[in-house]
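In what follows, a structure is listed as structure tokens, so that the remarks can point back to it.
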Amino acid sequence: MVSLVDRNARRRRVHARIRKRLRGTAARPRLAVFRSLRHTYAQVIDDDAQHTLAAASTVGADFSDYGGNVAAATKVGEMIAERVREAGIEQVVFDRGGHNFKGRVRAVAEAVQRAGLLPPTRERRAREEPAAGQGGQSGKGRKAK
């Protein structure tokens, strides 16, 4: 069995690789998501100014229930989206923090997507848009000129 220390070290390495490519700016700050066993945290960061613009988490007066489930993570995503809109920000860059994109991390991302701050994921685009070639003529049924 993999020990907790190894898992956290692996997550930190993955996060470092992600952070090499992602950078939050004033126009499009970084939405960083962290999840612990009990809680979910999200903050919007301007990396250029090294300043947190907005934050939301399941720790606090807004959450009386358990904060380590998908429903709570969805609420965190809605809260952070509302706070980001109040700050006048139109789009963010999503940073999953080295965690897999599923469960609570995905719930936060989808709540922020519904608010219009993130473009849809590949899976969501595939569900919403018809695949290329459908609805038109395919290569097999065309008549030769």
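Readers should treat all values here as calculations from the given coordinates under stated rules, not as data from a laboratory. All values reported here derive from a predicted model rather than from experimental measurement. All Cβ positions, glycine included, derive from the backbone under ideal geometry; neighbour counts span all protein chains shown.
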**Q.** Sites matching GluC sites (Glu not before Pro) across the stretch 41-98 that sit in DSSP coil, with at most 13 neighbouring C-beta atoms within 10 Å
**A.** E90
Q: With the Cα gyration tensor of the stretch 4-122 in hand, give its eigenvalues times 5 under a square root as the equivalent ellipsoid semi-axes, listed largest first in whole angstrom.
A: 20, 19, 13
Q | Fully extended contour minus Cα-Cα distance, from K102 to A55, at 0.36 nm per residue | A | 14.8 nm
**Q.** Computed lengthening from R122 to I18, 0.36 nm per intervening residue step minus Cα-Cα distance
**A.** 35.6 nm
Q. Going by how many other Cβ atoms sit within 10 Å of their own, how do K102, K75 line up, fewest first?
A. K102, K75
**Q.** the stretch 88-115 residues near the modelled R11 label - backbone nitrogen below 11 Å, point 7 Å along Cα→Cβ
**A.** 97-100, 105
Q | ³J(HN,Hα), Karplus 6.51/-1.76/1.60, whole Hz, each residue of the stretch 58-69, x for Gly, Pro | A | 7, 8, x, 6, 5, 10, 9, 8, 5, x, x, 10
Q. Label-point separation (nm) for S64 and R28, each offset 7 Å from Cα along Cα-to-Cβ?
A. 4.1
